[in-house]
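Enquirer: Pasting a structure below so you can have a look.
Derivation of every value follows stated rules applied to the coordinates shown; laboratory data play no part. Every value quoted in this text rests on a predicted model; they were computed, and no experiment measured them. Positions of Cβ are generated from backbone atoms using ideal geometry, with glycine treated the same way; all protein chains shown enter the neighbour counts.
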Amino acid sequence: MIAVKKYQKLLINIGIAVVIYVLVMLAIQFGWVGRQLLSMIVPVCTNVMMAVSLCLIVGFLGELTLGHAAFMSVGAYSGALVSMNLPLPGWLSLAVGLVVGGVVAALAGVIIGVPVLRLRGDYLAIVTLGFGEIIKSVFNTLGITGGASGLSGIPLMTSYRNFTLVFILTLIVVVVVSNLVKSRQGRAICAIRDNYIAAEAAGIKVSKYKVMAFVISAFFAGVAGVVYAHNISILKPGNFDYNTSIEILVMVVLGGMGSIRGSIIAAVILTLLPELLRGVADYRMLVYSIVLIVMMLFNNSKFKEKLMARRQAAKVSKEA
Amino acid sequence: MALLEVRNLGISFGGLRAVDSLDMTIDQGQLYGLIGPNGAGKTTVFNLLTGVYRPTEGIITLDGQNLVGKKTVEINKAGIARTFQNIRLFKNMSVMDNVKIGLHNHFKYNLFTGILRLPGYRKVEKSMDERAMELLKVFDLDKEAGNMAANLPYGKQRKLEIARALATEPKLLLLDEPAAGMNPNETEELMKTIQFVREKFKMTILLIEHDMKLVSGICEEVTVLNFGTVLAQGKTGDVLNDPRVVKAYLGE
């Protein structure tokens, strides 16, 4: 009984994951949804990965960055180039591509980590914005990436038919980030967000954990990029512009900054919404913006406050 | 035996001489007061001791170990922990987690153990929880362990800050105006807490304070700063009756 209680939360989370997986698989098998929606399954997963990884920087480290799409593009291009050019069987080259994409993006995270140590707030936002634009320009001019006309012929290996793989990757990202924030290292990251002066005085190496958060976040953005690349099979630098970064940021902010579950829900809704609203194309942007406003209002509402207070009270009484 | 030695310490901000030729010796186990009117440079001294500022000249040694030029984190590891004049808690973290940040450098596991929840994770986290709970009990905060730090009443926030500082296992504890904003009853209780901490943890404490009742009640020795220079130094009773000190506080 005690063991059940101890793992209750874990079991519920596993349950939710299994239910989602089964439902999506059934939907794919029996054609419950149209082709348009089917094609959205993988983008939803990549956006969840992007939102959750960005949540680590914005929600837990408390730094604003506007260049998250740049990490995604670095991962996407390097992963795609690897899987296209490696003389290995398909799956193996995709696996190598995923790792390489993540690692190269993480290296980009180290590079951007250097100014991160010196800048805060608005200044960091501007630098990351610039970083995103620079990366875009680089991919626009490089020969190996196909320049402005894009990199085409990437094997279609993460389409909705391979949902299982994409789902597992998404789960890994979610589990790793949520485990991280509850670990010793994650606590240090949150402490820096809340008060970096006090964190330093308590013996936390602020620079180390700031770079750590950026590198881990960039790594997963890179992985998301590789999945993205193998889903649409043609990469253009324009796919990873400022708007993409902002879209992901909106998901994190509406998800409640520092709530992984919130980020996931917001990512799913905001990715699907424009597609679902195709039927009412004329009012699409109107509805989209209304939903954004409603989510914003909900985040600041007394109703949510009450909900959170009740949850907190339940948690405290359970611990006591 | 001298735990903290400060010799000829000074710092200038541009043309402003914030602290000038400060000498101070704090012995093991002592409760030492640093007092002075507003703007006398007391908090600047704390910032010098904890490496927030680098002194323009002078020597600081803790247990014979040089501290000048070291970073805040290294100084914390060397054994100085502090609280802040305007409370600096991790407000969006639980009371428990605030203390666990203090334990950060004493209970370790690597990144992968945490991410993959390897056996080491549960083991270390469990002993961390136990240690944090012990500390919270000392300050009567154990019932609030799961609450957000921001939701604690003022007096308890002060206590939590002290608990977090003690969690880093310092040799010297710096308290920056611990009684600021407290009513006489709370101050009374705080006095008891400070004395209790001193005895229980055999702690050496340096505190900045304006509340003279608290200073005369618990400090054995004090240094009075005025405009960055030492006005008087010595046994608390003698110093507080010094006419120059009275003048600095009350005017002619």
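Enquirer: Only residues that are of a type in the set (A, V, I, L, M), outside any helix (DSSP H, G or I) and buried (at least 22 other Cβ atoms within 10 Å of the Cβ): list them for region B:32-54, please.
Expert: B:L34, B:I35, B:A40
Enquirer: Only one of these is within 30 Å of B:G251 (Cα to Cα), more than 9 Å from chain A (Cβ to nearest Cβ) and either in contact with a helix residue (DSSP H, G or I) (Cβ under 7 Å, 6 or more places away or on another chain) or of a type outside the set (K, R) (or both): B:G29, B:G36, B:G79, B:G69. Name it.
Expert: Exactly one residue qualifies, and that residue is B:G36.
Enquirer: When region B:68-88 is examined, which residues are found to be in contact with a Leu (Cβ under 8 Å, 6 or more places away or on another chain) and crowded, with 23+ Cβ neighbours inside 10 Å?
Expert: B:I75, B:I80, B:A81, B:R82, B:T83
Enquirer: Which residues, counting only those in region A:187-199, are in a helix (DSSP H, G or I) and either facing chain B (nearest Cβ under 7 Å) or without any contact (Cβ under 8 Å) to a residue 40 or more places away in the chain (or both)?
Expert: Passing the criteria: A:R187, A:A188, A:C190, A:A191, A:D194, A:Y196, A:I197, A:A198, A:A199.
Residues checked against (1) closer than 19 Å to B:R131 by Cβ; (2) in contact with a strand residue (DSSP E or B) (Cβ under 7 Å, 6 or more places away or on another chain):
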| residue | (1), (2) |
| --- | --- |
| B:K159 | yes, no |
| B:A165 | yes, yes |
| B:P170 | yes, yes |
| B:G181 | no, no |
| B:I205 | no, yes |
| B:E209 | no, yes |
| B:C219 | no, yes |
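Enquirer: What pairs come up if the first residue lies in region B:192-204 and is in contact (Cβ under 8 Å) with a residue 12 or more places away in the chain, the second is surrounded by 12 or more Cβ atoms within 10 Å (Cβ to Cβ) and among the small types (G, A, S), and their beta carbons are under 8 Å apart, counting only those six or more places apart or on different chains?
Expert: Close Cβ pairs (under 8 Å, with a partner that is surrounded by 12 or more Cβ atoms within 10 Å (Cβ to Cβ) and among the small types (G, A, S)) amount to B:R198/B:G29; B:K202/B:G29; B:M203/B:G29; B:T204/B:G29.
Enquirer: Moving on to the next point. Could you check region B:90-107 and list, in sequence order, the residues that are in a loop (DSSP other than H, G, I, E, B) and within 7 Å of chain A (Cβ to nearest Cβ)?
Expert: B:F90, B:K91, B:N92, B:M93, B:H104, B:N105
Here's the yes/no breakdown for (1) part of a helix (DSSP H, G or I); (2) surrounded by fewer than 18 Cβ atoms within 10 Å (Cβ to Cβ):
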site: B:F196; (1), (2): yes, yes
site: B:H210; (1), (2): no, yes
site: B:K213; (1), (2): yes, yes
site: B:V230; (1), (2): no, yes
site: B:G234; (1), (2): no, yes
site: B:L240; (1), (2): yes, no
site: B:K247; (1), (2): yes, yes
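Enquirer: Further question on the same structure: Sort out which residues of region B:118-130 are within 13 Å of chain A (Cβ to nearest Cβ) and in a helix (DSSP H, G or I), and write them in order of number.
Expert: Those that are within 13 Å of chain A (Cβ to nearest Cβ) and in a helix (DSSP H, G or I): B:G120, B:Y121, B:R122, B:K123, B:V124, B:E125, B:K126, B:S127, B:M128, B:D129.
Enquirer: Within region B:12-23, is even one residue under 19 Å from the mean Cα position of the chain (by Cα), surrounded by 14 or more Cβ atoms within 10 Å (Cβ to Cβ) and farther than 29 Å from B:L214 by Cβ?
Expert: No, the conditions are met nowhere in region B:12-23.
Enquirer: Quick one: how many residues across region A:200-231 are within 18 Å of A:V104 (Cα to Cα) and more than 11 Å from every other protein chain (Cβ to nearest Cβ)?
Expert: Summing the residues that are within 18 Å of A:V104 (Cα to Cα) and more than 11 Å from every other protein chain (Cβ to nearest Cβ) in region A:200-231 gives 17.
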